[in-house]
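To keep things clear, I will list the structure first and then write my remarks on it.
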Amino acid sequence: QQYTAIKIPVLEWADGAKSVINALPATAKVYFVAATLRPETMYGQTCCFVGPNITYGIFHVSDDDYFLISSRSARNMAFQNIFPEWGVFPQVAEVSGKQVIGTLVEAPLSFHKTGIRILPMETVTETKGTGIVTSVPSDSPDDYATVTDLTNKPDYYGIRKEWAELEVVPIIETPAYGNLIAPTLVQKHKVRSAKDPKLAELKDIAYKEGFYNGTMLVGEFKGKSVQEAKILVKNILINSGQAFEYAEPDGLVISRSR
Ligand code: ZZB
């Protein structure tokens, strides 16, 4: 699987993360790095998810730059010239998803210029991507269902309601599902929660409909097809240093370590 890895810098740490972060050099710039297959949707980011029970590492990449990602993805990156030394991915700290909830981050291209929050998503898979999932509720049914759960039960999830309530702005139009495909599908199929098994199929529908029939409503490629815009937006992000390509080995991989 070929992902675009989006570098999402921290603006302000959650209190729970401060003890860990204070141990880093004062000049350290830490990025949450989210793996996405939909770079053209980055305009619509409203929050960024971590698995609350996943343990993440903070890895020193170069100079002042550090990545907060799963250690599995750090190891993969070390063999893709993302770290300066082949095969080496220096871990400087460990932090749980729970500890970073509420952190304010600056998501590249997002409409929400004053920042978005790190929020919990219980269905994040530790073994996929970087374990960090940027949330686009307008176009991802999983994200819309999760944000709905978070808004309905903020106390249960240990968040402030307003963190999950950022406006969901239309970014892509499709003939079959209008300009908010994810909310439309979630409502039409009466999805009950972010754990509803129907979401797998809705994700598939949303991917296909967006890719083959979607038109951009916003951004520098407004009016272009999603198929065209996907590559163009990805290139903008990569050329500005806000993203890089990250490949994940497919199929059965037998780890030789441990
Ligand atoms: C932003 C985005 C916007 C995404 C969208 C999807 C959609 P796949 O096909 O299974 O590889 N994702 C990435 N990593 C994880 C993880 N560890 N656990 C759970 N979800 C993860 O799916 C890749 C997509 O799943 C990624 O692309 C990411 O969400 C999420 F409008 O990034 B995406 C219809 C989907 N739309």
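What follows is calculated from the coordinates using simple rules that are stated; it is not laboratory data. If you're wondering where the values come from, they're calculated on a predicted model, not measured in any experiment. Cβ placement follows ideal geometry from the backbone for every residue including glycine, while neighbour counts extend to all protein chains displayed.
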Along the stretch 155-163, Karplus-curve 3J(HN,Hα) (6.51, -1.76, 1.60; θ = phi - 60°) to the nearest Hz, with x for Gly and Pro, reads 5, 4, 8, x, 10, 8, 3, 5, 5
Everything considered on the Cα gyration tensor (a ≥ b ≥ c; rounded for a/c under 1.5, else prolate if a/b is larger than b/c, else oblate), the stretch 104-258 must be described as rounded
Listed by chain and number, the residues whose amide H is under 5 Å from that of SER96, excluding neighbours fewer than 5 places away on the same chain and using placed H, are TYR56
Given backbone amide H placed at 1.01 Å from N, residues whose amide H is under 5 Å from that of LEU217, ignoring those fewer than 5 places away on the same chain, are ILE172, GLU173, GLY223
Exposure proxy check on THR134, THR27: fewest-to-most Cβ neighbours within 10 Å is THR27, THR134
A correct Karplus calculation of ³J(HN,Hα) over the stretch 166-176, with 6.51 cos²θ - 1.76 cosθ + 1.60, θ = phi - 60°, whole Hz and x for Gly and Pro, returns 4, 4, 9, 9, x, 10, 9, 10, 10, x, 7
When the charge dipole of the chain is computed with +1 on Lys and Arg Cβ and -1 on Asp and Glu Cβ about the Cα centre, the Cα farthest towards its positive end, among THR125, ASN76, ALA93, belongs to THR125
When the chain is treated as a Gaussian network with springs between alpha carbons less than 10 Å apart, the largest mean-square fluctuation among PRO120, PRO52, PRO84 is found at PRO84
Per GNM of the chain with C-alpha springs under 10 angstrom, the most fluctuating residue out of GLU126, GLU94, GLU220 is GLU220
In terms of the alpha carbon gyration tensor, root eigenvalues a ≥ b ≥ c, rounded if a/c is under 1.5 and otherwise prolate when a/b exceeds b/c or oblate, the stretch 1-114 is oblate
With -39,500 (n - 2.57) per DSSP H segment of 4 or more residues and division by the full residue count of the chain, the 222 nm estimate, nearest 500 deg cm²/dmol, is -8000 deg cm²/dmol
Checked against a 30 Å limit on the C-alpha separation, the offending pairs among LYS29/LYS208; LYS113/LYS153; LYS153/LYS203; LYS190/LYS234 are LYS29/LYS208; LYS190/LYS234
Everything considered on the Cα gyration tensor (a ≥ b ≥ c; rounded for a/c under 1.5, else prolate if a/b is larger than b/c, else oblate), the stretch 169-258 must be described as oblate
Most exposed first, judged by fewest Cβ atoms within 10 angstrom, MET77, MET42 run MET77, MET42
Within the set SER225, SER62, SER135, GNM on the chain using Cα springs under 10 Å gives the largest fluctuation to SER62
Of all DSSP beta bridges with both partners in the stretch 2-247, the antiparallel percent, nearest 5, is 80
Put in order of increasing Cβ neighbours within 10 Å, starting from the fewest, ILE58, ILE181, ILE236 give ILE236, ILE58, ILE181
DSSP beta bridges in the stretch 1-128: the antiparallel percent, rounded to 5, is 70
